[in-house]
Structure formats: C-alpha cells, structure tokens
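Let me begin by presenting the structure, written as structure tokens, before commenting on it.
The values are calculated or read from the model by the stated rules, or taken from the named source; none is laboratory data. What you see is a predicted model; the values in this text were computed from it and never measured. A quick note on method: Cβ atoms are made from the backbone with ideal geometry, for glycine too, and the neighbour counts reach across all protein chains shown.
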Amino acid sequence: MAQHEPERILLAHGGGGQLTSQLIRELVLPHLRNEALSPLGDSARLELGSTSICLTTDSYVVKPLFFHGGDIGKLAVCGTINDLAVAGSRPVALTLSLIIEEGFEKPLLERILQSIGRTARENNVSVVTGDTKTVERGSADGLFINTAGVGVRLPGVNPGLDRIKVGDKVLLNGTIGDHGMTIISQREGIEFESRLVSDCAALADLTCMLFERTGVKFMRDATRGGLAAVLNEIVEGAGLAIEIRDANIPVRPSVQAAADMLGFDVLNIANEGKFVAVVSPETADACLELCRSHPLGRDAALIGEVVASQGVPLVELRTKIGGRRIVQMPYGRELPRIC
Ligand code: MG
C-alpha cells in the first residue's frame with residue numbers, strides 16, 4: 001500500500017493570513033499553550049516581580065535586502081519596536097541574531113549593521129545581546145535576521161480585544177500599502193513614474209503618546225496581511241463586526257496605481273509603519289488630532305467603526321459608490337518574503 005504523503009509547509013504559511021493562523025493554531029499552540037502565549041498578541045505580557053514587561057520576537061527574511069525607504073536592518077529594529085509599542089509598552093532593549101550565508105559581502109553586512117545602530121539610537125533602544133551564525137552557500141538567501149525585544153509596560157495602560165464595544169471608532173495612522181508595493185515592484189524590477197517608498201518606521205514615540213493621553217482600547221500594527229488581516233483579527237477576537245469606508249482609507253495614488261497594475265488589493269498589502277487603533281467614540285477626535293500632530297501620523301484617518309455582529313464577525317467595506325463588500329482574511333499567498 002502506498003505511503004501516506006506528509007503534508008508540507010508552503011511559502012504561504014508565512015504570509016500572515018489564513019494559513020499562518022491555521023499553522024499556529026493547529027501545530028504550535030497545542031504543544032505550547034500558556035497564559036502569556038494564548039492571546040497571540042504582538043507581544044507577550046509578563047509580570048516580573050513588581051515590573052510589568054512586554055516581550056516579542058521576530059524574524060526578517062525580506063527580499064531584496066535593500067529597498068527604497070529602508071533595508072533588512074532598519075526593518076528588523078522598527079518591526080520589533082512596533083510589536084512592543086502597539087502592545088502598550090515603551091521599548092527598551094533588543095537582541096540581534098544574524099544568520100549569514102557563506103560568501104555574503106562584508107561591506108553589505110556593515111551597511112546593514114550601520115542601519116541597525118542608527119535606527120536603534122534614534123529610537124532610544126539598545127541592542128544588548130546577539131548571536132552570529134553562518135550557513136553554507138545556498139542554505140540562506142544572503143542574510144536572515146532574528147530579533148527579540150523587551151519593553152516596559154506603560155502604567156495603567158491595558159489594551160485588549162475584550163475592551164472593544166459597538167460604536168468604537170477605528171483609527172489608522174496613515175497611508176496603506178507603501179511597504180508591500182515598494183518591495184514587490186523592486187523585486188519585479190518595475191519602476192513607476194513616482195518612486196514608491198516603504199513606510200518602514202518605528203512607531204513607539206507616537207503610540208506611547210496616544211496610550212498615555214487618550215483612551216486607546218486596542219492597537220495592532222498592520223504588517224503582513226495588511227489592513228484586511230488586522231481588521232479580521234480584531235472582529236474574530238472581539239466577536240463583533242467592523243464597517244469601514246473606502247473613501248476614508250488613505251492610499252497614495254502611486255501605490256494604488258501599482259496595486260491595480262499588478263493585480264493586488266491594497267487592503268491585503270503589508271505596511272511597516274502603520275497601526276490600527278480602536279478608540280472610544282468620545283475620544284476619537286482627540287486621538288485623530290494627536291496622531292496628526294506627529295510626523296508618523298500626519299495622514300491619519302478615522303476609517304470606520306465597530307458594529308454589532310449578525311452572527312458571524314465580519315469586516316465590511318462601504319465602497320465609494322455606495323456598494324458593500326466583505327473584506328476577507330487574506331489567504332497568505334499574496335506576497336512571500338515581504339518582511
Ligand atoms: Mg505585529
């Protein structure tokens with residue numbers, strides 16, 4: 001009798017969409033379930049004596065290593081800071097592990113390390129420990145980076161999906177799709193009239209200000225899977241629905257043109273300097289104003305609101321001409337190795 005073929009991991013299992021979530025729920029969680037892990041937040045919250053911290057880890061496999069607006073090093077520092085920041089903490093320290101392919105050019109590695117150093121200094125975090133591994137030619141694509149990050153939780157700040165209620169507003173701190181469309185167009189060697197630039201940025205300065213001065217109930221950075229993935233995670237976790245208005249979602253015309261041309265839905269495209277915040281209706285205008293006063297929130301917008309779920313928690317988009325469509329959780333196949 002023929003042997004049963006084992007199921008295999010697909011590239012799409014790393015896409016941050018349905019397949020990633022399935023992999024984590026079916027294969028990872030059953031073996032590792034615990035109180036800190038199970039909420040599957042951007043960071044784990046831990047109590048160490050009288051100190052409350054956030055801890056996160058990320059790996060970076062972006063291709064190409066250098067792109068308009070950043071590089072794998074800047075991406076690694078910003079991405080780790082952002083996972084700490086949106087969980088309601090002030091990032092303090094990072095770890096840095098380099099997995100380097102034999103033959104990788106030292107000057108390229110130095111450029112990346114310079115970028116890591118600069119981004120860390122600019123954001124008041126220190127790289128406090130690390131590791132260096134090398135693998136044979138062909139076993140890695142130049143360089144992979146893994147980081148961990150620790151942040152100190154902001155006192156009295158306790159974001160959670162359970163705090164979300166019908167009537168809450170959904171705030172986005174700027175344009176979507178910039179990072180993903182920049183990466184894919186550079187990878188495909190396509191140049192557009194106005195150059196696309198990644199939004200890669202560390203958000204902690206802005207998020208700390210928002211958490212400390214306003215009533216933000218929940219926040220998540222919209223990375224892999226884009227705005228669509230984050231909104232779907234929110235409705236699933238909160239058991240409510242969200243209605244967003246297409247006309248309110250900021251998108252650069254050049255990014256929209258690139259997405260249309262290459263056949264992508266900009267809602268599914270990765271960002272590296274964007275968060276979605278759920279805020280109470282009473283504080284929504286103040287949150288928006290505060291966001292817009294910060295360089296990383298100038299194009300912020302209130303894009304929709306939380307509504308009651310009619311059985312299934314759905315994200316619905318009201319189109320510019322008054323139609324409605326359901327925004328689904330992306331499958332994960334859209335854009336491999338985007339971060
Ligand atoms: Mg995140």
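For the range 1-59, a tally of residues being assigned to a helix (DSSP H, G or I) and not β-branched (V, I, T) returns 16. Tell me the residue from G237, G215 that is over 25 Å from G17 (Cα atoms), small (G, A, S) and either within 16 Å of the ligand (Cβ to nearest atom) or more than 17 Å from the chain's Cα centre (by Cα) (or both), please. After applying the criteria, what remains is G215.
For the range 67-90, which positions are away from the ligand (no atom under 11 Å from the Cβ) and closer than 21 Å to L11 by Cα? Those that are away from the ligand (no atom under 11 Å from the Cβ) and closer than 21 Å to L11 by Cα: I72, L75, A76.
Out of all the residues in the range 70-85, is one or more of a type in the set (D, E, K, R) and surrounded by fewer than 21 Cβ atoms within 10 Å (Cβ to Cβ)? Within the range 70-85, not a single residue is of a type in the set (D, E, K, R) and surrounded by fewer than 21 Cβ atoms within 10 Å (Cβ to Cβ).
Annotation note: Cβ proximity below 8 Å between a residue of the range 1-29 that is outside the structural domain of D221 (by TED's automatic domain parsing) and a residue that is of a type in the set (F, W, Y) and surrounded by 12 or more Cβ atoms within 10 Å (Cβ to Cβ) (sequence gap 6+ or interchain) occurs for A12/Y331; G15/Y331; G17/Y331; Q18/Y331; L19/Y331. Residues to consider are L55, L40, L96, L46; find the one that is closer than 24 Å to D205 by Cα, modelled with pLDDT of 95 or more, within 16 Å of the ligand (Cβ to nearest atom) and not β-branched (V, I, T). None of the other options fit; the residue is L55. Looking across the range 89-135, the residues that are among the acidic types (D, E), touching a residue at least 24 places away in the same chain (Cβ under 8 Å) and more than 18 Å from S59 (Cα to Cα) come down to E102, E122.
The test for being under 21 Å from the mean Cα position of the chain (by Cα) and more than 16 Å from the ligand (Cβ to nearest atom) holds for R252. In the range 216-240, the residues that are closer than 23 Å to M181 by Cα reach residues that are near the ligand (Cβ under 10 Å from one of its atoms) and among the basic types (K, R) with C-beta atoms within less than 7 angstrom, at least six apart or across chains, in these pairs: V230/R220; E233/R220.
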